[in-house]
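Beneath this line is the structure, given in structure tokens, with notes to follow.
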Amino acid sequence: MWKKRGRGKVRSLKAVSLRMLIPVGIALAGLAVFLLLGMRENRRLQNEYVEDTAGLYVGQINRDIAQINSELIYIQRLNKDIRALPSRLRPGDAEYYALLQSITEQNRILKIRYAEVQFFYVYEQDADVLLTDAGTVFADSIKTEVCDALIRTLKEHAGDGLNATSWTMVTTPENTYIISWYTQKQKTMGCVINLDTIFETLQQRIEKYEVVPFMQDAKGELHLPERVPEAYEAAIETGESGRNAQQLFSFPFGSVGNLWLYVVPGSGMLERLMVFQILFVLMLFVLLGICILMAYSYYGEIMRPMREFVEALDNTDEEQLLNQNGANNILELEFASVKFRTLLRKIQSLKIAIYEKELMEQRAELEYVQEQVRPHFLLNCLSVIHGMADERDEREIVEITEVLADYMRYVMRDSKNQRVIKDELNHIDSYVRMQKLRYGEDAFTYEVVLDGEVEDCLVPPLLLQTLVENAIVHGVSLDRRIDISLYITREQYEDGCYLYISVSDTGGGFSQETLQALENDTPIIYNGRRHVGLQNVRRRLELMYEGRGGITFSNMGENYGAVVEVHMPMAVEKSGS
């Protein structure tokens, strides 16, 4: 289960990079979308602010117009001074000065109550006299532009709509005015509003924004403020025809027409904020582009060299460095390549060592096998000899064939598995018995000394027999009796328990040439024969224990008493095996 989970988590470096880059790109794109939505919301808030502010002011003017309509009718019907105006009034009629002063004061009071009104007036049609808050204008008086336009309009329309207040727009070469009137019994009362005053008030009230107010009367004609730039005028005419809701706002203005408001693009406090938002969005897109470029550069500068490095691992026999041609200068990958090359050489050296070890094991095994005889043929021969000797009652031949058969069966067992010391000692007893039959009972003595519980310890097969055999073959002679001792004990060291095995004899000992050959691991030639038994023991110990086992050769005295000592890690036979 652990391997499956671990294998499921393995991803390529490219996939991991994309997994990290895609959320970043999505986050940046999402932030850009939110900023764009915020810009749209800012635009909506701006429009609401302009529309609400202008709507409040225009609503106030509409309420004032309704109030003015009521007051004009009320004053006309109840004011005695207006009704008392004579139909023939001349500048020299001093008896009417108090009456005229009273009407003038009334007009001034009304003007104070309605700030957008330029002046209130009373007009006597028959006398052709106009009374304003500034004084009286007779037919022969020098008239201002607005008064002249007002009198002409009243002469033309004052008789219309006798039961209600009328409103209209009058344009002069300099200004545009909104005029109202209510006529009763040849006497007209009304007010004059300068359209530029309304425009200026709107522009003042809508702070932090540049707006262009204009009027569209009932006839559909546009009335623009003074000094409007041509670009704005063209935008107004185009926008008004298309009803551009994002730049134009319309408000009903009494019965005169509609008051429009054109918001100049790019103006206002929120507009500046939107500029910053646009810049921030652009920065986000630039950042996103930089991320894409970095990802592309990351692939070219890192991913591609990494892929080439992985592909180069398949060519391990060539031992080529990743940046050998200088195409990719990445210090870390070059360092990893050098380390990998060093590791590769170590692996190759280890492979050679293992191969040589296998060759040595095979050679040692072959030499071991070559020293043995074919078991089936030899055992069959021994059975024949044993049967013939038993029929002729040759007791010594019967005994030696039985001992030799047991000896050969033990020798031909599996040579790779270690054997228990007590089994090895029983086998050596068989070998010693055969040698005594050969040399005689008094030719040598054989003694075994075991120190501690070591009988169940394991040793390489025929190791002890080889050591004892070497002592008998090279030490026993018919000239004198020798003593052979086998000593086995247990020793404790820091790195574990060891077996100490010693085989000594009282023969002639090792010659200097033999000791030197054993020390240098060179061939030993003795009596015209090559002897490899002790060297095979050393080789087997080195292969089996990898330096923890060893063998030494020495003499007890000069040319006297050979001693062979073996150290090897102690292993005990497992129960049931």
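The values are calculated or read from the model by the stated rules, or taken from the named source; none is laboratory data. All figures in this text were calculated on a predicted structure; none of them were measured in a lab. Note that each Cβ is placed from the backbone with ideal geometry, even for glycine, and that neighbours are counted across all protein chains shown.
Before moving on, here are some points about what is shown:
- Which numbered condition residue 500 fails, given (1) among the hydroxyl-bearing types (Ser, Thr, Tyr); (2) surrounded by 20 or more Cβ atoms within 10 Å (Cβ to Cβ); (3) out of contact with any Gly (no Cβ under 8 Å at 6 or more places or on another chain): (2)
- The residue that is nearest to residue 457 (Cα to Cα), among those in the range 396-419 that are at pLDDT below 75 and basic (Lys, Arg), is 416.
- Restricting the range 209-249 to residues that are of a type in the set (S, T, N, Q) and within 54 Å of the chain's Cα centre (by Cα), the residue that is modelled with the highest pLDDT: 247
- Every test in (1) part of a helix (DSSP H, G or I); (2) in contact with a strand residue (DSSP E or B) (Cβ under 6 Å, 6 or more places away or on another chain) is passed by residue 430 save one, and that test is (2).
- Qualifying residue in the range 104-114 (condition: farther than 28 Å from residue 62 by Cβ, surrounded by fewer than 17 Cβ atoms within 10 Å (Cβ to Cβ) and in contact (Cβ under 8 Å) with a residue 12 or more places away in the chain): no
- The listed residues are 127, 158, and the only one of them that is farther than 23 Å from residue 195 by Cα, at pLDDT below 90 and either touching a helix residue (DSSP H, G or I) at 6+ places or on another chain (Cβ under 6 Å) or surrounded by 13 or more Cβ atoms within 10 Å (Cβ to Cβ) (or both) turns out to be 127.
Condition check ((1) farther than 24 Å from residue 410 by Cβ; (2) of a type in the set (S, T, N, Q); (3) part of a strand (DSSP E or B)) across all residues:
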site	(1), (2), (3)
465	no, yes, no
483	yes, no, yes
503	no, no, yes
536	no, yes, no
544	no, no, no
548	yes, no, no
554	yes, yes, yes
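- Test for residue 509: is it surrounded by fewer than 15 Cβ atoms within 10 Å (Cβ to Cβ), on the phi > 0 side of the Ramachandran plot and in a loop (DSSP other than H, G, I, E, B): no
- Residue check for residue 14: charged (D, E, K, R), at pLDDT 85 or above and exposed (fewer than 14 other Cβ atoms within 10 Å of the Cβ): no
- Filter pass, residue 87 being surrounded by fewer than 14 Cβ atoms within 10 Å (Cβ to Cβ), of a type in the set (Gly, Ala, Ser) and either touching a strand residue (DSSP E or B) at 6+ places or on another chain (Cβ under 9 Å) or in contact (Cβ under 8 Å) with a residue 60 or more places away in the chain (or both): yes
- In this structure, residue 418 qualifies as outside the structural domain of residue 484 (by TED's automatic domain parsing), among the polar types (S, T, N, Q) and within 19 Å of residue 570 (Cβ to Cβ).
- Pairing residues of the range 273-301 that are closer than 15 Å to residue 27 by Cα and assigned by TED's automatic domain parsing to the domain that holds residue 39 with residues that are of a type in the set (Gly, Ala, Ser) and modelled with pLDDT of 80 or more, at Cβ distances under 7 Å and at least 6 apart in sequence or on separate chains, gives no pairs at all.
- Unmet requirement for residue 484, which otherwise passes all of (1) touching a residue at least 24 places away in the same chain (Cβ under 8 Å); (2) under 21 Å from residue 540 (Cβ atoms): (2)
- Check on residue 33, surrounded by 12 or more Cβ atoms within 10 Å (Cβ to Cβ), within 50 Å of the chain's Cα centre (by Cα), among the β-branched types (Val, Ile, Thr) and in the same structural domain as residue 192 (by TED's automatic domain parsing): yes
- Positions within the range 356-394 being modelled with pLDDT of 75 or more, more than 60 Å from the chain's Cα centre (by Cα) and part of a helix (DSSP H, G or I), in sequence order: 385
- Considering the range 169-200, the residues that are among the polar types (S, T, N, Q), in contact with a helix residue (DSSP H, G or I) (Cβ under 7 Å, 6 or more places away or on another chain) and buried (at least 16 other Cβ atoms within 10 Å of the Cβ) include one that is nearest to residue 119 (Cα to Cα), namely 180.
- Flag if residue 518 is part of a helix (DSSP H, G or I), in contact with a helix residue (DSSP H, G or I) (Cβ under 8 Å, 6 or more places away or on another chain) and free of Cβ contacts under 8 Å to residues at least 60 places away in the same chain: yes
- Checking 439, 446 one by one, the residue that is buried (at least 18 other Cβ atoms within 10 Å of the Cβ), among the aromatic types (Phe, Trp, Tyr) and either more than 60 Å from the chain's Cα centre (by Cα) or in the same structural domain as residue 540 (by TED's automatic domain parsing) (or both) is 446 and no other.
- Residues in the range 452-486 that are among the charged types (D, E, K, R) and more than 20 Å from residue 418 (Cβ to Cβ): 479, 480, 481, 483.
- Inside the range 180-212, residues that are over 22 Å from residue 85 (Cα atoms) and outside any helix (DSSP H, G or I) make up a count of 9.
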